[in-house]
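> After the structure tokens below, expect a handful of questions from me.
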């Protein structure tokens with residue numbers, strides 16, 4: 001007769017290793033640009049975008065508006081290279097490029113749009129282009 005054996009997956013070390021490695025962050029490639037995290041809200045006249053950009057100086061940020069598409073690019077520069085003879089034990093801070101591009105429902109008026117940068121947060125006020133209204137023509 002065959003013997004029935006109860007299997008406990010949590011007693012198996014392979015399952016434990018798999019679950020622990022599943023929640024471990026995957027290291028990003030050093031040269032790949034990181035994505036900018038944004039919040040977008042809107043009112044009657046504009047879209048308001050808040051973008052987290054830690055460690056970036058405002059001189060290194062570029063915002064491009066083309067129709068209803070917005071592109072944000074930034075460069076984070078390393079403050080200083082480690083001194084000769086210094087061994088880096090752990091480096092988690094990001095140095096490199098940030099990039100984000102997104103499309104909004106309506107076209108934007110780049111001439112009246114504005115940008116502010118304070119404490120690592122970029123705030124864009126993207127003005128909506130006025131919608132062309134129909135005009136009646138008088139027949140002469």
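What follows draws every value from the coordinates through simple rules; no lab data is involved. This structure is a prediction, so every number in the text was calculated from the model and none was measured. Neighbour counts are summed over all protein chains in view; Cβ atoms, including those assigned to glycine, are modelled from backbone coordinates with ideal geometry.
> Quick one: if the Förster radius is 30 Å, what FRET efficiency do residue 127 and residue 95 give, using the C-beta to C-beta distance and rounding to 0.05?
On the way: r = 34 Å, r/R0 = 1.13.
FRET efficiency, residue 127 to residue 95: 0.35.
> Fewest Cβ neighbours within 10 Å first, please rank 72, 65, 48 accordingly. All intermediate terms of the calculation are to be shown ahead of the outcome.
Details: 72 22, 65 18, 48 13.
By the 10 Å Cβ count, ascending: 48, 65, 72.
> For segment 56-140, rounded, prolate or oblate, judged on the Cα gyration tensor with a ≥ b ≥ c (square roots of eigenvalues), a/c < 1.5 rounded, else prolate if a/b > b/c?
Working: a/c = 5.26, a/b = 4.12, b/c = 1.28.
Verdict is prolate for segment 56-140.
> Report the full-extension gain for the segment residue 86 to residue 50: residue separation times 0.36 nm, less the Cα-Cα distance, to one decimal in nm. Working shown, then result.
Numbers: separation 36, 0.36 × 36 = 12.96 nm, distance 3.79 nm.
Gain in length upon complete extension: 9.2 nm.
> Under a point spin-label approximation (7 Å from Cα along Cα-to-Cβ), what is the residue 102-residue 57 distance to one decimal in nm?
2.8 nm
> Which FRET efficiency value, to the nearest 0.05, is calculated for residue 71 and residue 135 with the Förster distance at 25 angstrom and r the Cβ-Cβ distance?
Details: r = 34 Å, r/R0 = 1.37.
So the FRET efficiency works out to roughly 0.15.
> Residues in segment 61-76 near a label at residue 34, defined as backbone nitrogen under 13 Å from the 7 Å Cα→Cβ point?
74-76
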